[in-house]
């Protein structure tokens with residue numbers, strides 16, 4: 001069923017690219033600050049991880065495609081966790097600044113880290129969809 | 001009825017026509033493959049439609065947060081974290097199921113008895129001259 005698999009994969013990729021190109025369905029484009037961007041990136045990953053899980057649970061999807069979806073999500077998951085951990089760190093530092101007035105340098109460093117993790121997460125989200133297309 | 005719902009209705013209608021002999025359908029491998037393809041197409045459109053709706057709604061949420069000039073709240077983050085963990089756990093469950101199936105197939109292949117050289121031994125015994 002290689003032809004069927006190819007059609008499935010291209011259709012899913014087409015849907016994903018159409019979604020990414022459409023501004024009304026592009027959370028990252030709506031974000032303005034680093035923390036909003038982190039939330040937008042993390043949420044986009046969650047939406048596609050849920051769709052991957054929905055597809056993986058469908059009997060008509062082949063095991064090879066399912067495993068590729070699973071591996072793509074496994075690659076993105078730790079980076080997504082790092083995004084959330086860094087967000088919590090940023091919040092703690094902001095509280096510390098509000099209470100003691102110190103910590104501005106640490107806040108700036110944490111925000112740089114957060115931006116870095118979001119930048120790393122974005123291609124991993126794309127990979128989550130690409131793996132479905134690349135499966136044979 | 002929106003466009004995608006109309007497309008899905010058309011897909012399901014064609015599937016029905018293909019397999020129903022009373023409506024001119026046939027039962028052969030090509031028809032089965034075509035019906036399977038239509039089923040997958042329907043599933044993808046359904047998932048794609050859901051993903052588009054989810055992304056659109058989430059974009060509006062992010063736009064609202066940006067318009068309010070604030071950072072996402074701990075509750076908003078926690079809601080996403082719970083969904084993330086659930087999706088991850090579901091995928092890991094599918095992975096365990098697939099790997100379990102593959103392990104069973106491997107066990108069945110290795111447990112098949114190998115042919116023994118009993119016939120040659122019997123022939124050797126026949127050639128022994130009793131003393």
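FRET efficiency for residue B:93 and residue A:108, Cβ-Cβ distance as r, R0 = 30 Å, nearest 0.05?
My answer for the efficiency is 0.15.
For segment A:52-136, rounded, prolate or oblate, judged on the Cα gyration tensor with a ≥ b ≥ c (square roots of eigenvalues), a/c < 1.5 rounded, else prolate if a/b > b/c?
It is prolate, given that a/c is not under 1.5 and a/b is the larger ratio.
What is the mean number of Cβ atoms from other protein chains located within 10 Å of the Cβ atom of each residue in peptide B:97-108, rounded to a whole number?
1
Peptide A:24-31: average number of partner chain Cβ atoms within 10 Å per residue?
That works out to 6 on average.
Can you give me the relative contact order of segment A:38-136 as a percent, contacts being Cα pairs under 8 Å and 6 or more apart?
Relative contact order comes out at 45 percent.
Counting only other chains, and only Cβ atoms inside 10 Å, what mean value do you get across the residues of B:67-78?
Across B:67-78, the average partner-chain Cβ count within 10 Å equals 4.
Could you order the peptides A:87-98, A:41-52 from most to least packed, using the average number of other C-beta atoms within 10 Å per residue?
A:41-52, A:87-98
None of the figures in this text is laboratory data; all of them are computed from the coordinates on show. For clarity, every value in this text was computed on a predicted model and none was experimentally measured. We place every Cβ from the backbone using ideal geometry, glycine too, and count neighbours over all the protein chains shown.
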